[in-house]
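The values are calculated or read from the model by the stated rules, or taken from the named source; none is laboratory data. Model, not experiment: these values are computed from the prediction. Here Cβ is always computed from backbone atoms with ideal geometry, including for glycine, and neighbour counts include all displayed protein chains. What goes into the accessible areas is simple: the full protein's heavy atoms, side chains included, and nothing from ligands, DNA or RNA. Shrake-Rupley method; radii C 1.70, N 1.55, O 1.52, S 1.80 Å.
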Amino acid sequence: MRSITADYGSRRLVERDIAEPPPPGPGEARLRIAAVGVCGTDRDLASFTAGEPPAGESFLVIGHEALAQVVECGADVAGLSPGDWVVPTVRRACPALCPQCAAGRRDLCLTLAFTERGIWRAHGYFTDYAVDRAGDLVPIPATLAEYGFLVEPLSVVEKAVSRALYVVQSPGRRALVLGLGPIGILAATVLSLRGFEVTVFSAESLDHPRARLLTIQNIRYTNTFGTGPADVIIEAAGSGELALAALRLLAPGGAMVVLGAREVVGSVPFLDLLVRNQTVAGIVNASRADFDAAVADLPRIPEPVRSGMIERFRFSDFGSTLYGNAGAAPKAVHMVWE
Ligand code: BGC
């Protein structure tokens, strides 16, 4: 079957023929992959700045934002049948089964020896078929299948928003989102669904098509830095400098959740943070509850936003989405099964 792989010998993305997975064992389901979205992590895989092949292998099948259909169930699978649409979760437990992995919170793994399908030491879904444990699959209604590949990135946003809401005890409802990529747009949308007054800051012009995906939801977009204080700040711009600057915009009792920023040299206002009871949190990956929240929120995202967010590509077009300029839409999606 076809697969798109990160090849650790040539350090290139390579399309290759691989063996089909074995039939599903007890508790497992065989999936036919329908579509796979690409994100910043996939671009990091393409530049070999993130990711690792499975132990003893020289390549990694990429793809972790998948939408699939169950084609066969092994013995003892309850609650899933052939024909069901599913979204696989990404992370699998660490071998030591640390307390968080044991408690079903692999997204909070303490040993960092987890695997992640399509990213860290486990093959992903940019291929025709896969086998997974049924418990690692999130069923979605057939009516959501058209946009099902958005569930995984949305699950990460749900985790960020719930972490912020856990911290922010004040009744403040002002939110600032940094970045106009898919995560920034989804974060602004979810915060707006939660009743926040949201402003998004990014560098794009005010009339950029991505900005329109916000303004049609009455979400404010600005490319001038320095809006008023925000109770919640979600960083989805991948810029440490911007994250540091935005700390000064956090309201007392506020929370900033960092999703993409990298290391930066600068001055951190610790005294302000403690005097104002502010929290800065980093998050990665998502729990099962976050996936469930994403499935619940996906139909609440206005249809023009969902459709305007994505651009569909053919299976083999990974050169344009992962090396080149994938087009104007924020989210590129490869249709595996056309
Ligand atoms: C994925 C997460 C994953 C992270 C780091 C993100 O793109 O959405 O599930 O944990 O990359 O590997």
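Key figures for this structure:
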| item | result |
| --- | --- |
| Residue that is farthest from the ligand (Cβ to nearest atom), among those in segment 69-92 that are within 23 Å of the chain's Cα centre (by Cα) and farther than 15 Å from Ala34 by Cα | Arg92 |
| Meets criteria (of a type outside the set (Gly, Ala, Ser) and either surrounded by fewer than 24 Cβ atoms within 10 Å (Cβ to Cβ) or closer than 24 Å to Gly327 by Cβ (or both)) for Val151 | yes |
| Residue that is nearest to the ligand (Cβ to nearest atom), among those in segment 93-120 that are surrounded by fewer than 19 Cβ atoms within 10 Å (Cβ to Cβ) and outside any loop (DSSP other than H, G, I, E, B) | Leu108 |
| Among (1) closer than 23 Å to Leu165 by Cα; (2) outside any helix (DSSP H, G or I); (3) more than 16 Å from the ligand (Cβ to nearest atom), the one test that Gly238 misses | (3) |
| Of residues in segment 148-196 being assigned to a helix (DSSP H, G or I) and among the hydroxyl-bearing types (Ser, Thr, Tyr), the one nearest to the ligand (Cβ to nearest atom) | Ser155 |
| Scan of segment 174-191 for residues that are in contact with a helix residue (DSSP H, G or I) (Cβ under 9 Å, 6 or more places away or on another chain) and open to solvent by 10 Å² or more (accessible area, probe 1.4 Å), ordered by number | Gly181, Pro182, Ile183 |
| Matching residues, segment 41-68, being among the hydrophobic types (A, V, I, L, M, F, W, C), within 14 Å of the ligand (Cβ to nearest atom), open to solvent by less than 10 Å² (accessible area, probe 1.4 Å) and touching an Asp or Glu at 6+ places or on another chain (Cβ under 9 Å) | Leu60, Ile62, Ala66 |
